[in-house]
2 protein chains.
Amino acid sequence: MSKRTADTLRLLAADMVEKAQSGHPGLPMGMADCAAVLWTKFLRLNPADPDWPGRDRFVMSGGHGSALLYGLLHLAGYGITLDDLKAFRQWGSVTPGHPEREIPGVETTTGPLGQGLANAVGMAMAAGMAAARWNDETFSLFGDHYIYCFCGDGDLMEGVSHEASSLAGHLGLDRLICFYDNNGITIDGKTDLTFSENVAMRYRAYGWQVLEIDGHDQEQIERAILEAQKEKGKPSLIVARTHIAFGSPNRQDTPEAHGSPLGGEELRLTKEKLGFPPDRSFYIPEEAKKEFAGHAGKVKPEYDAWQLRYREWQEKHPEAYRAYVGQVSKIFPEDLREHLLSGLKNKDNSTRAHSGNILQTLEKNIPGLVGGSADLAGSNKTTLKQGGDLSRGNFKGRNIHFGIREFAMGAILNGISLYGCGFIPFGGTFLVFSDYMRSAIRMAALMKVQVIYVFTHDSIFVGEDGPTHQPVEQLMSLRLIPGLTVLRPADERETMESWITALENREGPTAIVLTRQTCPEQLRERPDGIQHFKRGAYIVKDTSGTPDMILAGSGSELSLCAEAAGMLASEGCAARVVSVPSYETFLQQDEAYRESLFPTGNIPVFIVEAGRTLGWREITGNPGRVIGMDRFGSSAPGEELAEKFGFTAKAVYHSIKAWLDKAERKLV
Amino acid sequence: MSKRTADTLRLLAADMVEKAQSGHPGLPMGMADCAAVLWTKFLRLNPADPDWPGRDRFVMSGGHGSALLYGLLHLAGYGITLDDLKAFRQWGSVTPGHPEREIPGVETTTGPLGQGLANAVGMAMAAGMAAARWNDETFSLFGDHYIYCFCGDGDLMEGVSHEASSLAGHLGLDRLICFYDNNGITIDGKTDLTFSENVAMRYRAYGWQVLEIDGHDQEQIERAILEAQKEKGKPSLIVARTHIAFGSPNRQDTPEAHGSPLGGEELRLTKEKLGFPPDRSFYIPEEAKKEFAGHAGKVKPEYDAWQLRYREWQEKHPEAYRAYVGQVSKIFPEDLREHLLSGLKNKDNSTRAHSGNILQTLEKNIPGLVGGSADLAGSNKTTLKQGGDLSRGNFKGRNIHFGIREFAMGAILNGISLYGCGFIPFGGTFLVFSDYMRSAIRMAALMKVQVIYVFTHDSIFVGEDGPTHQPVEQLMSLRLIPGLTVLRPADERETMESWITALENREGPTAIVLTRQTCPEQLRERPDGIQHFKRGAYIVKDTSGTPDMILAGSGSELSLCAEAAGMLASEGCAARVVSVPSYETFLQQDEAYRESLFPTGNIPVFIVEAGRTLGWREITGNPGRVIGMDRFGSSAPGEELAEKFGFTAKAVYHSIKAWLDKAERKLV
């Protein structure tokens, strides 16, 4: 068995943490047996081809166990060197504090608890979708592998684990095999301080197979994995009773072992106890190397066979192959834009309705596009009408019903995107509930994965549902997440451009923010303007000479700017109107472009957006005013709220006039 | 039985939604039987004294069922008139789309799913704490009542329900009785689209008593409530099989009934079917009125008896009574500030360590202060060292172990605060994980409840844990939540002032944002400056004449400003140094105060804060620069990150010099 290998992994992790004087030895030492068995007897990987679609996926949901993962990657031959292990948690190393998905062999970035498990659920869904799309009676190249996930008490206490696991059970994701590192210890002490639920029973209630084992008995571990693999129609949870910091004479089973180095003396004692040379660090016995090499030697022929079958498939099913390659490349039909343009209805409607319409064209043209909503498909207009529902029996379905589980939806979208195979996942909910999934959005941005959020009901104009459902701060607050593109289109054409931008943004997530209520179509007096949509802002209506003022807005408030400009024009006041569909994109443009819209100087700028005003001064500069919502909304019909909160063209006009009068007085 | 009363509630709700042409009839019609039994046979309330401490609490977790609650409040005599019911969801009404806690009889604002249930858990915890504090062998005035909660599929799908329910089971909160409205329908269709878990089994796994009944059989409902009340040591879940929109001939059991008016004709048919005059709206039969009045008549003597006992208690236990009144009033000892000042250590340390020290003084002086951390008590320094642990057997304990459940923690804190009795709850986690609980923070702000968040590890200086654990956008993004006070102290004295501010802020939540790493104590050259702490910003170090520039920062970056100012001074450049512990508070100050710190004109302002720069231009105005973090961080020791990302005094100094050089060139 792999006892020696497990101890090697234990001590590598302990050495890494000791050298860095920072990190978490407890989890790696506790889970080393499970890891050793899994990685030397089961896991099908090829370090020479880390993106091999047929590989098993391994997710360390408790990302603080990174030292275990790096040890595994080193031993498995992933090109993480001993020096890399010694640089654990140092600047520029490939062995950062928590696993980051840029590192070959790391499938997803983890650390914020519970999300890794939900990523794994997303991967298992994607595996099912890949299998349903391209496998047939003779070829089973895709999705024919397992998603393994290690999770701990923290993962299972977090609500997102509930959401994702409930859905995984519902869908019967039998390719998903999770280990629960049941060590009875959290940072603050024994888990019985806070956690006495019956996890096994809870998972059975979700419809999972649950296996309970001694997490240090390698035979039990092996049998449990075999049993999990055999189970059809259910994901499996292997509850492994473990000891945190197993092997450390004085730290085992203590909370201190969770996040502190063992200390030089204790590390020595541990090595002694485990029969390792007590004074050697980063020592790897030959047995461990051999065991990993032996397993790799067994997997290699499987890998070669897969490649052979893949080439056979390519020959025998050229059409399926083309479809596959087309999806993986994420290259869209050249005439997609024309298709979309010709599908536009050119009439006033809510931007969510426009989006729903545009989605139907995208459905036909982008086979990798899959997604759904957290139980608001009808409101979010996210249904792909010809796509069918993804369900236990039908993984061809392209409409995913996430249930009322926003956070899991976010993390599952990440998992689907990370899986590869060209899936472009989208997920919808009300903008105000982006708060429920905010950490998953952040993770998408940090990982630079392509995910699209459809956030509808984007302002107080939600109306009667009242302040609990009316976003105010969410819009600007999403713009704060580095690497997230936020688009708030004003009309049908901008909604179309938003979708194109999102689809072309392969290196990060995009949020498309849409109205519940009808928005008038914009007259674009400068028809070339829309070509600058991608720059985040562009001129919708300009003045012949230098403008007296500039009115700018996003989404439903753009029309107020245009209307107010009309009123001002009738008084001889020439206003430029600028659409700002993407605030943060615009701020990243070169100075020349920014100046061409909002010249530095004394032309006052007025912004209208039904959200927090904070941040807009970046654009207005000093002279100017932002008409926004700096308080919570209220329950009443939308039109009435518009009156009460000053979001009518008339109110905007008066507000501008009042400002000008005051400014003039000041100048005198 | 209360069949007629239940039907009255059904039709009142349907009429309200019909009149508003907006709202949710399905839930009220489905849960009307449970509501009628609970409100006419069990619930102990006194509308004349809505804040009666001995009352039962009723939480409608699915806030979209507001029409049911308003009907109940009307019938129970809470001063919601028929005209109010007719103004459902209209501007200025006391019957908004979702229940808002300002309305007498509404215990908590609900709508965002799952949180009401977690609020109820918080209330049950507070009830236990009140009982443990003031009850004895002879008097049982406090916490001797039940917390009832209605929840639906949505609540139970949301992760926060898992977190809160697991903790409720762990603590054995037997005063908590929840109804699960098991109607098999969600907005998008039947629940079997997404939700096939065994809820009863799941709750048994949490350690709850689970009772399964027909939710339209009033005898079963009554028996279940009695059984739930009898259970000692476990919360109860009553799984009520119901029909959404029960009574509507064509809408019952359909997803459409969830959120759309029945329509005039269907409403007529429903009234007919239920034996009500089909053409009358808002009709209340005498039987229903009588039933409510009859129940109120039974509760009144209990209320009077409680008041009598309360006065007896007051006489016989004057000390306990004083303690009680002292806690409820939230009036702190007059010498609290002196106590705190005398407890200061006056030496460099992390602000989290200062906070931990200050908490010990607060513990002694503010008995209502209770709280803890989401399994990071040691890191957040949130432990009240003499307070004892709150646990199943000990509700006197003041340290709450929330487990790794940030979102539930947030919603539970709201519940504890809403419960009354002067509890001031606080909860800690890492700043980056404020994302997990963001919606609960928003709800605290919307409800204007006093809750204190202790967010430590507040920047990239978290160090080795890397970007998943390093907040970047969280600080500014919390400042965007209307009504939330965000404080980021720079040293020990500011940490003390932050706690005082938070304790005095009774009308809303406060986030105290603290460092992991050591911050030098600030030399306050203007010792009066700190008196302006509450204004959000104040001068730490001034120049004799007009300053050449102003350097401002918050938290750990204030010291960089001070040091850089010193370097600049040695070159004859006079810089004012301003501390900005609360950005949004400062922006709310009058113009005169703002001008006294940052005068309009040409004095350049430099801001240093290790977070997103967006928003700071509100303060810098046009000339100036913000030195911040507009990207994700990296895993390495904190000092190294400071070097790499330009957060050393030297780097700040050079950055300012470079800006000045460039600006000068521009002026030429």
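The values are calculated or read from the model by the stated rules, or taken from the named source; none is laboratory data. As the structure is a prediction and not an experimental result, all values here were calculated from the model. Positions of Cβ are backbone-derived with ideal geometry, glycine not excepted, and every protein chain shown enters the neighbour counts. Accessible surface is based on the protein model in full, side chains and every heavy atom, while ligands, DNA and RNA are left aside. Shrake-Rupley method; radii C 1.70, N 1.55, O 1.52, S 1.80 Å.
On average, how many beta carbons from a partner chain sit within 10 Å of the beta carbon of a residue in B:182-189? Display every interim value, and only then the final one.
Numbers: counts 0, 0, 0, 0, 5, 8, 16, 5.
Other-chain Cβ atoms within 10 Å of each residue's Cβ, averaged: 4.
Couplings 3J(HN,Hα) for segment A:66-77, derived from phi with the Karplus relation 6.51 cos²θ - 1.76 cosθ + 1.60 (θ = phi - 60°), are 3, 4, 5, 5, 5, x, 4, 5, 4, 5, 7, x Hz, where x marks Gly and Pro.
Ratio of Rg to Rh for segment A:531-662: 0.95 [Cα atoms; Kirkwood radius as inverse mean 1/r over pairs]. With its label point put 7 Å out from Cα toward Cβ, B:Met201 sits 1.2 nm from the same residue's point in the other copies, in order from shortest.
Could you order the peptides B:278-284, B:349-355, A:121-127, B:386-392 from most to least packed, using the average number of other C-beta atoms within 10 Å per residue? Can you show the working numbers first?
Details: B:278-284: 14.4, B:349-355: 24.3, A:121-127: 28.7, B:386-392: 16.7.
Result, highest mean Cβ count within 10 Å first: A:121-127, B:349-355, B:386-392, B:278-284.
Stretched out straight at 0.36 nm per residue, the stretch from A:Ser342 to A:Asp590 would grow longer than its current Cα-Cα span by 86.0 nm.
Taking label points 7 Å from Cα along the Cα-to-Cβ direction, A:Arg526 and B:Ala305 give a separation of 7.9 nm.
Any number yet on Rg/Rh for segment B:332-388, C-alpha, Kirkwood?
0.97
Could you tell me the center-to-center distance, by alpha carbons, between segment B:101-131 and segment B:442-457 in angstrom? Measuring centre to centre over Cα atoms gives 15 Å. For the rotational copy relationship between A and B, the axis lies nearest to a chain A beta carbon, identified with its distance in whole angstrom as A:Gly159, 1. Rounded to whole numbers, the Karplus 3J(HN,Hα) couplings from phi for segment B:168-178 are 4, x, 4, 7, x, 6, 6, 7, 9, 10, 10 Hz, using 6.51 cos²θ - 1.76 cosθ + 1.60 with θ = phi - 60°, and x at Gly and Pro. Remark: mean inter-chain Cβ contacts per residue of A:58-69 equal 1, using a 10 Å Cβ-Cβ cutoff to other protein chain atoms.
What FRET efficiency do you get for A:Asp49 and B:Lys662 if R0 is 45 Å and r is their Cβ-Cβ distance, rounded to the nearest 0.05?
Numbers: r = 49 Å, r/R0 = 1.10.
For A:Asp49 and B:Lys662, the calculated efficiency is 0.35.
Sorted from shortest to longest, the distances between the B:Ser570 label points of this copy and the other copies are 6.6 nm, with each point 7 Å from Cα along the line through the beta carbon. Among A:Cys573, B:Cys34, the order of accessible area from largest down is A:Cys573, B:Cys34, computed with a 1.4 Å probe on protein heavy atoms. The fraction of accessible area contributed by carbon and sulfur in chain B is 49 percent, rounded to a whole number (1.4 Å probe; ligands and nucleic acids excluded). Calculated mean residue ellipticity, 222 nm, chain A: -13000 deg cm²/dmol, from DSSP H runs (n ≥ 4) at -39500 (n - 2.57) each, averaged per residue and rounded to 500. Pair-distance distribution P(r) for segment B:451-579, from all Cα-Cα distances in 10 Å bins starting at 0: 12, 40, 33, 14, 1 percent. In plain terms, the C-alpha convex hull of chain B casts an average shadow of 31.7 nm² when viewed from every direction. The region of chain A that goes longest without hitting one of the GluC sites (Glu not before Pro) in a DSSP loop, each with at most 11 other Cβ atoms within 10 Å, is A:138-333. A cut-off of 5 Å between modelled amide H atoms, ignoring neighbours fewer than 5 places along the same chain, links B:Arg57 with B:Tyr146, B:Ile147, B:Tyr148. In segment B:39-116, taking the dipole from charged Cβ atoms about the Cα centre, the farthest positive-side position among B:Trp52, B:Val94, B:Gly63 is held by B:Gly63.
If you average over every viewing direction, what projected area does the convex hull of the Cα atoms of segment A:258-360 give, in nm²?
Spelled out: convex hull of the Cα atoms, projected over all directions, averaged, 15.1 nm².
Would segment A:327-478 count as rounded, prolate or oblate if I go by the C-alpha gyration tensor, calling it rounded below 1.5 in a/c and otherwise prolate when a/b exceeds b/c, oblate otherwise? Note, shape of segment A:327-478 comes out oblate. Inter-label distance, A:Phe282 to A:Lys3: 2.8 nm, where each label sits 7 Å from its Cα along the C-beta direction. Amide H to amide H distances under 5 Å link A:Thr186 with A:Thr191, where only residues 5 or more positions off or on other chains count and H is placed in the peptide plane.
Kindly state, to the nearest 0.05, the FRET efficiency for B:Lys290 paired with B:Asn394, given R0 = 51 Å and r defined as their beta-carbon distance.
Efficiency at R0 = 51 Å is approximately 0.70.
With its label point defined 7 Å out from Cα along the Cα-to-Cβ axis, A:Pro527 lies at 7.5 nm from the matching points of the other copies, in increasing order.
State in Å² the accessible area per residue of the protein assembly as shown; use a 1.4 Å probe, count heavy atoms of protein chains only, and round to the nearest integer.
On the way: 43150 Å² over 1336 residues.
On a per-residue basis, 32 Å².
In this structure, the pairs whose alpha-carbon distance is over 29 Å, taken from A:Lys396/B:Lys190; A:Lys19/A:Lys289; B:Lys273/B:Lys298; A:Lys19/B:Lys644, are B:Lys273/B:Lys298. Remark: segment B:3-300 projects, on average over all directions, an area of 14.2 nm² (convex hull of Cα atoms).
Backbone phi angles across segment B:180-189, fed through the Karplus curve with coefficients 6.51, -1.76 and 1.60 (θ = phi - 60°), yield HN-Hα couplings of 9, 6, 8, 9, x, 10, 10, 4, 7, x Hz in residue order; Gly and Pro are listed as x. For segment B:216-311, a/c is not less than 1.5, where a ≥ b ≥ c are the root eigenvalues of the C-alpha gyration tensor, and a/b does not top b/c. That puts it in the oblate class.
Annotation: amide H of B:Arg516 within the under-5 Å range of B:His457, B:Asp458, B:Ser459, sequence separation 5 or more or interchain, hydrogens built in the peptide plane. Can you bin the protein assembly as shown into rounded, prolate or oblate? Criterion: square roots of the alpha carbon gyration tensor eigenvalues sorted a ≥ b ≥ c, rounded for a/c under 1.5, prolate for a/b above b/c, oblate for the rest. Note, shape of the protein assembly as shown comes out rounded. Partner shielding of B:629-636 amounts to 6, given as the average count of beta-carbon atoms from other chains within 10 Å of each residue beta-carbon.
Of all aspartates and glutamates in the structure, the ones whose alpha carbon falls short of 17 Å from that of B:Lys650, not counting any fewer than 8 places away in one chain, are B:Glu557, B:Glu563, B:Glu571, B:Glu609, B:Glu639, B:Glu640, B:Asp661.
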